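Undergrad: One structure, pasted below without further comment.
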């Protein structure tokens, strides 16, 4: 279920959340002035929120007056992962996939009506997509993981999800028309392999496969690749992706077999 903007919205909470989101997208950290500019806040309000977030350990400040996400965010992330139902062997499968292909391996799933990337093992040949961990929900139409999981939804639920989040054009190749996306998803669903080529990021292609149990989708596993490597090796990468997903079904304690 999607919720509209509440009438009693607490603006200081939304501002603090926005600061955390901005810090999560910047590996180099941000100064107070940079945060104020990114969040459209005055500097005095920014410092007030930063002091509160720092006291609660949601952020840390390092030399150079830059701020980073703090240990409490990581703690809550681990709590979230522990609370989310997913096959216990997923981490092992992702690790094996990253080792054998050299590509990063992602596991994504719907938690409520939100699409989240809940596990990742990075490989040496994949482009770094740290923003996918933060923005997977709003990029569902543009990523292989998202396309796979969108296809698993009933059509009316999928339409509602996309209507709420929109079809943002991440690149010139992003599908931004609902009818065109629906046609693409039907074609990919028939193949049971979901592919996007430079729709989420230029020079990046991805493939994903759904994980099902008793006709119920539990999630999807995907691998990103540079466009050049994808053109050269996509058949082998897809074959390996299919194989590890099939292996996941064979684990007796995986919860999907």
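Undergrad: In the stretch 178-187, is there at least one residue being in a loop (DSSP other than H, G, I, E, B) and in the same structural domain as residue 101 (by TED's automatic domain parsing)?
TA: no
Undergrad: Now for a different question. Being over 30 Å from residue 154 (Cα atoms) and modelled with pLDDT of 90 or more, is that true of even one residue in the stretch 55-64? Step through it out loud before you land on a result.
TA: Here is the first cut: in the stretch 55-64, the residues over 30 Å from residue 154 (Cα atoms) are 55-64.
Restricting the remaining residues to those that are modelled with pLDDT of 90 or more gives none.
No: the stretch 55-64 contains no residue that is over 30 Å from residue 154 (Cα atoms) and modelled with pLDDT of 90 or more.
Undergrad: If you don't mind, another one. Would it be correct to say that residue 34 is modelled with pLDDT of 85 or more and not in a helix (DSSP H, G or I)?
TA: No, not satisfied.
Conditions (1) within 14 Å of residue 198 (Cβ to Cβ); (2) in a helix (DSSP H, G or I); (3) not assigned by TED's automatic domain parsing to the domain that holds residue 232, marked per residue:
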position: 123; (1), (2), (3): no, no, no
position: 127; (1), (2), (3): yes, no, no
position: 132; (1), (2), (3): no, yes, no
position: 142; (1), (2), (3): yes, no, no
position: 159; (1), (2), (3): no, yes, no
position: 171; (1), (2), (3): yes, no, no
position: 174; (1), (2), (3): yes, no, no
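Undergrad: When both residues are 6+ apart or on different chains and their Cβ atoms are under 8 Å apart, which pairs have a first residue that lies in the stretch 197-210 and is touching a residue at least 24 places away in the same chain (Cβ under 8 Å), and a second that is crowded, with 24+ Cβ neighbours inside 10 Å and in a loop (DSSP other than H, G, I, E, B)?
TA: 199/142; 199/143; 200/142; 200/143; 206/143; 206/200; 208/143
Undergrad: Looking only at the stretch 174-197, how many residues end up being exposed (fewer than 14 other Cβ atoms within 10 Å of the Cβ) and more than 21 Å from residue 211 (Cβ to Cβ)? Don't jump to the end; show me each part of the working.
TA: Filtering the stretch 174-197 for residues exposed (fewer than 14 other Cβ atoms within 10 Å of the Cβ) gives 177, 179-180, 183, 186-187, 190-192.
Going one step further and asking which of them are more than 21 Å from residue 211 (Cβ to Cβ), we end up with 177, 179-180, 183.
Within the stretch 174-197, residues that are exposed (fewer than 14 other Cβ atoms within 10 Å of the Cβ) and more than 21 Å from residue 211 (Cβ to Cβ) number 4.
Undergrad: Tell me the residue from 181, 149 that is out of contact with any helix residue (DSSP H, G or I) (no Cβ under 6 Å at 6 or more places or on another chain), under 16 Å from residue 132 (Cα atoms) and in contact (Cβ under 8 Å) with a residue 24 or more places away in the chain, please.
TA: From the options 181, 149, the qualifying one is 149.
The values are calculated or read from the model by the stated rules, or taken from the named source; none is laboratory data. Because the structure is predicted, anything quoted here is derived from the model rather than measured. So basically every Cβ, Gly included, is an ideal-geometry build from the backbone, and we count neighbours across all protein chains shown.
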